[in-house]
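First up is the structure itself, then whatever we jot down about it.
The values are calculated or read from the model by the stated rules, or taken from the named source; none is laboratory data. Here the structure is a predicted model, which means the values were calculated and not measured. With ideal geometry, Cβ positions are generated from the backbone for all residues, glycine too; neighbour counts draw on all protein chains shown.
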Amino acid sequence: MKRRSFLKGTLAGSTVAVAVGAGLLSPRSVLAAWPQGAFDAKSAADAMSGLFGSADNTTSGEIKIKAPDIAENGAVVPVTVETSMKDVSSIAILAEKNGTPLAANFELSATAKGSVSTRIKMGKTSDVIAVVKSGGKLYTARKNVKVTIGGCGG
């Protein structure tokens, strides 16, 4: 190890330690917000209420869900949600019959394209629900995914 690298690392570590010791940097303040009620919900409607404050939604044809018709392994189900709506502020993905229906929630900036892609776990065959918050209103779309081997302990 070179002397300069060692000194830079020591100085950086010392600076962080002083900031933590002075209370300027606390681990609690750097953690992301956690919608505990939404993740503890046992139904899709309760998850939407916990996440958005309301379960009132409108079905929309402008939301496209790309997911397999048959998922051979429920532990890894690829899901892509795209929308052409304006002012999209968030996109959530729910697996209706999972023990915990809320699989993912994405907060988007004002300039972001309304498109997300992830992999979710599904315990059994059910609808995958995409919830798009646009202009302060909730819009949904559904797609049924058949699971042959459960990914949530099944």
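Return yes or no: is E96 charged (D, E, K, R) and free of Cβ contacts under 8 Å to residues at least 24 places away in the same chain? No: the conditions fail for E96.
Taken as a whole, the condition of being more than 15 Å from G123 (Cα to Cα) and among the hydrophobic types (A, V, I, L, M, F, W, C) applies to A55. The residue that is farthest from I129 (Cα to Cα), among those in the stretch 61-88 that are among the hydroxyl-bearing types (S, T, Y) and surrounded by fewer than 18 Cβ atoms within 10 Å (Cβ to Cβ), is S84. Quick one: in the stretch 25-35, of everything that is of a type outside the set (G, A, S) and surrounded by 10 or more Cβ atoms within 10 Å (Cβ to Cβ), which residue is modelled with the highest pLDDT? Looking at residues that are of a type outside the set (G, A, S) and surrounded by 10 or more Cβ atoms within 10 Å (Cβ to Cβ), I get P35. Looking across K86, K66, one residue alone is more than 22 Å from A38 (Cα to Cα) and modelled with pLDDT of 95 or more. It is K66. Selection of the stretch 98-142 for residues being in a loop (DSSP other than H, G, I, E, B), buried (at least 19 other Cβ atoms within 10 Å of the Cβ) and of a type in the set (S, T, N, Q) yields only N98. Within the stretch 80-118, the residues that satisfy the criterion of being out of contact with any helix residue (DSSP H, G or I) (no Cβ under 9 Å at 6 or more places or on another chain), within 20 Å of S43 (Cα to Cα) and β-branched (V, I, T) are I91, I93.
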